[in-house]
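Below is one structure, written out as structure tokens; the observations come after it.
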Amino acid sequence: MKVVLEHITKRFIDRNKKNKTELVAVSDMCLDIPDGKLIGLLGPSGCGKSTTLNIICGLEKPSSGKIFFGDDDVTDLPPENRGVGMVFQSYALYPHLTVRQNITFPLENLKGDKKLTKQEMNDRALGAAKLVQLDGYMERKPSELSGGQQQRVAIARALVKMPKVLLLDEPLSNLDARLRLQTREELRRIQKETGITTIFVTHDQEEAMSISDLIVVMKKAEVQQVGIPQDVYDDPKNLFVAQFLGTPPINVFAGEIREEKVYLGEDCILDAPGIEDKEVHVGIRPEGFIVDENGPLHCKIRVVEVMGRDTSIVSSHPVAETETIRSIIDSEDRPAATSGTVTFSLRKSKVLLFDMETEERIYPC
Amino acid sequence: MNNNNLKGWLYLLPAIVFLGFFMVYPLVDVFIYSFEEGYNFASQSYSGTGLFNYSFVLHDPYFMQALKNTILMVIITVPLSTGFALLISLALSSIKPLRNAFQTIYFLPYVTNTLAVGLVFMILFKKTPYSDGLANMLISLFGGTSVDFIEGPYWAKMFVFCFYIIWVVLPFKILILTSAIASVNPMYYKAARIDGAGSFTMFKKITLPMISPMIFYLIITGFIGAFKSYSDAVALFGTDLNAAGMNTIVGYVYDMLYGDSGGYPSYASAAAIILFAVVLTITVINLTVSRKRAVY
Ligand SMILES: Nc1ncnc2c1ncn2[C@@H]1O[C@H](COP(=O)(O)OP(=O)(O)OP(=O)(O)O)[C@@H](O)[C@H]1O
Ligand SMILES: [Mg+2]
């Protein structure tokens with residue numbers, strides 16, 4: 001099922017302040033979610049991700065704008081009639097019901113000709129439990145399960161009625177690193193198997209990049225960029241998106257353009273044809289550095305960290321906007337000294353220029 | 001007994017002494033009294049031991065009347081008051097505007113003196129030379145014949161009595177249940193709505209199981225409290241409850257000790273022990289049932 005958001009805006013009354021002000025949680029959001037894809041909704045805390053999900057599932061009504069499931073306008077449809085499945089950040093499993101009862105709960109509410117017999121419900125529940133590999137735990141209470149198992153019960157409960165749309169609100173945030181990896185692979189597998197249009201909220205960019213067909217990057221209630229993960233990474237629209245994606249994050253310098261050349265302090269690192277003289281943010285991805293004695297960029301080494309295949313050089317530069325800059329290079333190229341100066345040449349495609357004021361990208365354009 | 005254990009008992013000592021002195025000792029004492037025939041306060045003497053006191057009490061028509069009144073009242077008021085409290089709490093929880101105002105109104109009887117409430121009930125129900133009471137005015141408005149609720153037929157008096165008890169215990173139960181309902185995580189309702197549950201399903205499958213421990217608590221304490229009621233009857237029917245036929249077990253005990261026919265501590269003790277046995281039995285049954293039924 002295709003999901004379309006048309007100019008969705010959501011305002012809340014801000015009760016914290018004495019003179020009630022309005023708080024815009026989602027601002028004029030337009031989004032086209034293709035059928036059967038997994039979308040990663042990504043952004044820092046408080047940017048409106050959960051609010052967006054709540055609007056899609058119907059728990060919140062948008063202040064303005066329209067939502068379509070396929071060709072149907074569902075803007076005024078209450079959540080119980082939208083037929084979506086949702087996994088909450090805190091799972092919201094009913095603590096007094098067993099795993100089986102939790103999973104059959106959505107089926108018991110089906111009405112009319114969709115009504116199922118007890119036997120059918122149990123079969124469907126078992127099927128869903130098998131999908132998440134929990135069929136051996138049907139008679140347990142949620143409190144008798146591990147965090148990861150509870151997580152999977154929540155997914156089974158969301159899947160059991162075969163929803164048209166599956167919404168996941170930071171479903172992996174309570175899991176430890178290993179389980180997180182494992183569950184996210186599982187989620188991806190289940191989504192591929194069932195072909196359910198899925199929206200996955202996270203503030204972990206790595207998670208979003210690794211399993212999404214498309215990612216949507218949000219900042220302060222506004223969508224910054226939508227695209228295939230690699231495209232958004234390579235081709236960020238602005239400094240925020242560039243900084244938000246990638247670990248370790250992009251290194252940012254306060255640079256300057258003089259006579260169509262990019263200067264970092266005294267180091268002239270790049271030609272920038274067609275751009276007038278001005279100050280710019282220069283972003284360089286960690287993998288954009290090459291150790292090269294004759295290179296243009298001179299940095300002071302702080303630490304050299306060897307991490308198996310790669311080596312990470314932590315160094316500093318006078319015009320860097322952060323205290324240290326981090327570059328990742330092949331271990332063979334590692335500089336002999338672990339102190340002193342290191343010179344880099346740069347991979348041209350990994351250098352991005354952003355306007356000083358608007359922070360929009362100006363190079364490459 | 002190791003050192004730590006000893007320390008534990010030592011810490012508990014003041015509480016044990018206090019409880020023992022003021023609770024266990026009197027209970028044992030009453031138990032002993034109840035087997036001593038013809039005990040006399042003044043001379044501290046008695047004429048023999050045995051079950052005569054129990055036999056007397058159980059054959060005393062006043063006691064049987066009190067027992068019947070009490071049990072009838074308990075059976076009527078506990079389920080009704082708990083049910084009403086649940087309904088009112090649900091209604092309170094589902095309205096937003098004026099909730100606090102309503103909560104205050106419902107709580108007022110709790111902070112009002114029993115006797116003052118009794119006075120109000122008099123005005124509502126009592127027949128005087130000047131008026132038939134508000135209740136009778138309503139009855140005649142709908143074409144019924146007026147009834148004397150305070151000095152009239154047994155069922156009318158029982159009705160007023162139960163009405164009064166329910167009225168008095170309702171605020172506390174509402175208070176407990178509204179806070180129990182409010183403490184259910186709204187996340188569950190959100191999840192249930194997305195799973196297509198209607199409001200009745202949500203009540204049956206989420207609210208009720210989640211507040212069931214509180215409901216059982218209210219039923220158990222409700223039984224105990226109702227069995228011990230006395231001042232409520234006095235507030236409505238005056239101090240001569242035997243004559244009014246509206247005595248309660250505790251009222252009977254009091255009368256046996258201090259009433260006009262008083263001065264019979266042995267009979268009073270026997271009656272008190274019977275009450276204790278009844279309350280204990282019901283509480284044990286309640287606890288067993290609630291252990292089986294309560295969900296967590
Ligand atoms: N019911 C509400 N009333 C008022 N303000 C709200 C309400 N719900 C959310 N907000 C505000 O809207 C903004 C967006 O909240 P939202 O929950 O969508 O953030 P989020 O992106 O999910 O963040 P997180 O990653 O921390 O979960 C926040 O500033 C929040 O304070
Ligand atoms: Mg959130």
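Which residues, taken from segment A:252-263, are open to solvent by 10 Å² or more (accessible area, probe 1.4 Å) and in a strand (DSSP E or B)? Even if it seems obvious, please write down each step before you answer.
Going through segment A:252-263, the residues open to solvent by 10 Å² or more (accessible area, probe 1.4 Å) turn out to be A:254, A:256, A:258-261, A:263.
Within segment A:252-263, A:ALA254, A:GLU256, A:ARG258, A:LYS261, A:TYR263 meet the criteria.
All told, A:ALA158 falls short of being open to solvent by 10 Å² or more (accessible area, probe 1.4 Å), more than 16 Å from ligand 2 (Cβ to nearest atom) and either within 14 Å of chain B (Cβ to nearest Cβ) or within 27 Å of A:CYS47 (Cα to Cα) (or both).
Out of B:LEU98, B:LEU138, B:LEU134, B:LEU108, I need the residue that is surrounded by fewer than 16 Cβ atoms within 10 Å (Cβ to Cβ), touching a Leu at 6+ places or on another chain (Cβ under 6 Å) and farther than 26 Å from B:ALA66 by Cβ. Which one? Outline the logic, then answer.
Details: B:LEU98 fails: touching a Leu at 6+ places or on another chain (Cβ under 6 Å); B:LEU138 fails: touching a Leu at 6+ places or on another chain (Cβ under 6 Å); B:LEU108 fails: touching a Leu at 6+ places or on another chain (Cβ under 6 Å).
The conditions single out B:LEU134.
Taken as a whole, the structure places A:LEU107 among residues that are open to solvent by less than 40 Å² (accessible area, probe 1.4 Å), closer than 22 Å to A:ARG152 by Cβ and more than 15 Å from ligand 1 (Cβ to nearest atom).
Within segment B:186-198, does at least one residue satisfy the condition of being among the β-branched types (Val, Ile, Thr), in a loop (DSSP other than H, G, I, E, B) and over 18 Å from B:GLY222 (Cα atoms)? No, because not a single residue in segment B:186-198 is among the β-branched types (Val, Ile, Thr), in a loop (DSSP other than H, G, I, E, B) and over 18 Å from B:GLY222 (Cα atoms). Of all residues in segment A:130-142, those that are within 14 Å of another protein chain (Cβ to nearest Cβ) have Cβ atoms under 9 Å from Cβ atoms of residues that are surrounded by fewer than 18 Cβ atoms within 10 Å (Cβ to Cβ) and in a loop (DSSP other than H, G, I, E, B), 6 or more apart or on another chain, in A:ARG140/A:THR98; A:LYS141/A:PRO95; A:LYS141/A:THR98; A:LYS141/B:TYR296; A:PRO142/A:PRO95; A:PRO142/A:THR98. Kindly provide the set of residues from segment A:265-284 that are open to solvent by less than 70 Å² (accessible area, probe 1.4 Å) and either over 16 Å from A:ILE325 (Cβ atoms) or modelled with pLDDT under 90 (or both), ordered by number. Scanning segment A:265-284 gives A:GLY265, A:ASP267, A:CYS268, A:ILE269, A:LEU270, A:ALA272, A:GLY274, A:ILE275, A:LYS278, A:VAL280.
The residues in segment B:230-287 that are within 16 Å of B:PRO61 (Cβ to Cβ) and of a type in the set (D, E, K, R) can be counted, and the count is 2.
Hey, does segment A:113-131 have a residue that's within 30 Å of A:SER64 (Cβ to Cβ) and in a helix (DSSP H, G or I)?
First pass over segment A:113-131, keeping only residues within 30 Å of A:SER64 (Cβ to Cβ): none.
No, the conditions are met nowhere in segment A:113-131.
Among the residues of segment A:1-15, those identified as within 14 Å of ligand 1 (Cβ to nearest atom), open to solvent by 80 Å² or more (accessible area, probe 1.4 Å) and closer than 16 Å to A:ALA221 by Cβ are A:ARG11, A:ILE13.
Go through segment A:29-65 and report how many residues are outside any loop (DSSP other than H, G, I, E, B) and within 14 Å of chain B (Cβ to nearest Cβ). The number of residues fulfilling the criteria is 7.
Taking the conditions (1) surrounded by fewer than 16 Cβ atoms within 10 Å (Cβ to Cβ); (2) more than 14 Å from every other protein chain (Cβ to nearest Cβ) in turn, B:MET187 satisfies each one other than (2). Does A:GLY36 fit the bill of being away from ligand 2 (no atom under 16 Å from the Cβ), open to solvent by less than 20 Å² (accessible area, probe 1.4 Å) and within 25 Å of the chain's Cα centre (by Cα)? No: the conditions fail for A:GLY36.
Could you pull out the residue among A:PRO296, A:PRO318, A:PRO335 that is over 25 Å from the mean Cα position of the chain (by Cα) and loosely packed, with under 14 Cβ neighbours inside 10 Å?
Values: A:PRO296 fails: loosely packed, with under 14 Cβ neighbours inside 10 Å; A:PRO335 fails: loosely packed, with under 14 Cβ neighbours inside 10 Å.
Just one listed residue meets the conditions, A:PRO318.
Filtering segment A:16-62 to residues that are more than 11 Å from ligand 1 (Cβ to nearest atom) and touching a helix residue (DSSP H, G or I) at 6+ places or on another chain (Cβ under 6 Å) leaves A:LEU38, A:GLY40, A:CYS57, A:GLY58, A:PRO62.
In the list A:GLU22, A:GLU80, which residue meets the criterion of being acidic (Asp, Glu), in a strand (DSSP E or B), assigned by TED's automatic domain parsing to the domain that holds A:GLN230 and more than 16 Å from ligand 2 (Cβ to nearest atom)? Show your work before the answer.
Working: A:GLU80 fails: in a strand (DSSP E or B).
Just one listed residue meets the conditions, A:GLU22.
Sub-6 Å Cβ pairs linking a first residue in segment B:192-208 that is facing chain A (nearest Cβ under 7 Å) to a second residue that is of a type in the set (D, E, K, R), at least 6 apart or interchain, are B:ARG193/A:GLU80; B:GLY196/A:GLU80, ordered by first then second residue. Residue under question is B:SER212, and the condition is that it be in contact with a His (Cβ under 9 Å, 6 or more places away or on another chain), open to solvent by 10 Å² or more (accessible area, probe 1.4 Å) and over 19 Å from B:ILE75 (Cα atoms); does it hold? For B:SER212, the condition - in contact with a His (Cβ under 9 Å, 6 or more places away or on another chain), open to solvent by 10 Å² or more (accessible area, probe 1.4 Å) and over 19 Å from B:ILE75 (Cα atoms) - is met.
For segment A:64-74, how many residues meet the condition of being out of contact with any Asp or Glu (no Cβ under 9 Å at 6 or more places or on another chain) and either open to solvent by 10 Å² or more (accessible area, probe 1.4 Å) or in contact (Cβ under 8 Å) with a residue 60 or more places away in the chain (or both)?
At the first step, the residues of segment A:64-74 found to be out of contact with any Asp or Glu (no Cβ under 9 Å at 6 or more places or on another chain) are A:69, A:71-74.
Narrowing further to those that are either open to solvent by 10 Å² or more (accessible area, probe 1.4 Å) or in contact (Cβ under 8 Å) with a residue 60 or more places away in the chain (or both): A:69, A:71-73.
So the answer is 4.
Picking from residues in segment B:171-185 that are among the hydrophobic types (A, V, I, L, M, F, W, C) and in a helix (DSSP H, G or I), the one that is farthest from B:PRO79 (Cα to Cα) is B:ALA182. When the test is whether a residue is at pLDDT below 90 and either within 10 Å of chain B (Cβ to nearest Cβ) or within 16 Å of ligand 2 (Cβ to nearest atom) (or both), A:GLU170 passes it.
Taken over segment A:66-101, the criterion of being within 7 Å of chain B (Cβ to nearest Cβ), aliphatic (A, V, I, L, M) and at negative phi is satisfied by A:VAL84, A:MET86.
Restricting attention to segment A:185-232, and to residues there that are polar (S, T, N, Q) and open to solvent by 50 Å² or more (accessible area, probe 1.4 Å), which single residue is modelled with the lowest pLDDT? Walk me through how you get there before you give the answer.
Residues of segment A:185-232 polar (S, T, N, Q): A:191, A:194, A:197-198, A:202, A:205, A:210, A:212, A:224-225, A:230.
After this cut, where a residue has to be open to solvent by 50 Å² or more (accessible area, probe 1.4 Å) as well, the list is A:210, A:230.
Details: A:SER210: 90, A:GLN230: 93.
The selected residue is A:SER210.
What number of residues in segment A:83-103 are in contact (Cβ under 8 Å) with a residue 24 or more places away in the chain and either surrounded by fewer than 22 Cβ atoms within 10 Å (Cβ to Cβ) or in a loop (DSSP other than H, G, I, E, B) (or both)? Break it down into steps so the answer makes sense when it comes.
Taking segment A:83-103 as the starting set, the residues that turn out to be in contact (Cβ under 8 Å) with a residue 24 or more places away in the chain are A:83-100, A:102-103.
Retained after the next criterion (residues that are either surrounded by fewer than 22 Cβ atoms within 10 Å (Cβ to Cβ) or in a loop (DSSP other than H, G, I, E, B) (or both)): A:83, A:88-98, A:100.
Count: 13.
Kindly indicate the residue of segment A:149-176 that is free of Cβ contacts under 8 Å to residues at least 40 places away in the same chain and out of contact with any Asp or Glu (no Cβ under 8 Å at 6 or more places or on another chain) and also farthest from ligand 1 (Cβ to nearest atom) among those meeting that condition. Working first, answer last.
Quick first cut of segment A:149-176, residues free of Cβ contacts under 8 Å to residues at least 40 places away in the same chain only: A:149, A:152, A:162, A:172, A:175-176.
Next cut, out of contact with any Asp or Glu (no Cβ under 8 Å at 6 or more places or on another chain) only: A:149, A:162, A:175-176.
On the way: A:GLN149: 23, A:MET162: 26, A:LEU175: 16, A:ASP176: 19 Å.
Step by step, filter segment A:149-176, then rank; the result is A:MET162.
The values are calculated or read from the model by the stated rules, or taken from the named source; none is laboratory data. Please read all numbers here as calculations on a predicted model, not as lab measurements. Glycine gets a Cβ as well: all are built from the backbone with ideal geometry, and neighbour counts include every protein chain shown. Ligands, DNA and RNA are excluded from the accessible area calculation, which covers all protein heavy atoms including side chains. Shrake-Rupley method; radii C 1.70, N 1.55, O 1.52, S 1.80 Å.
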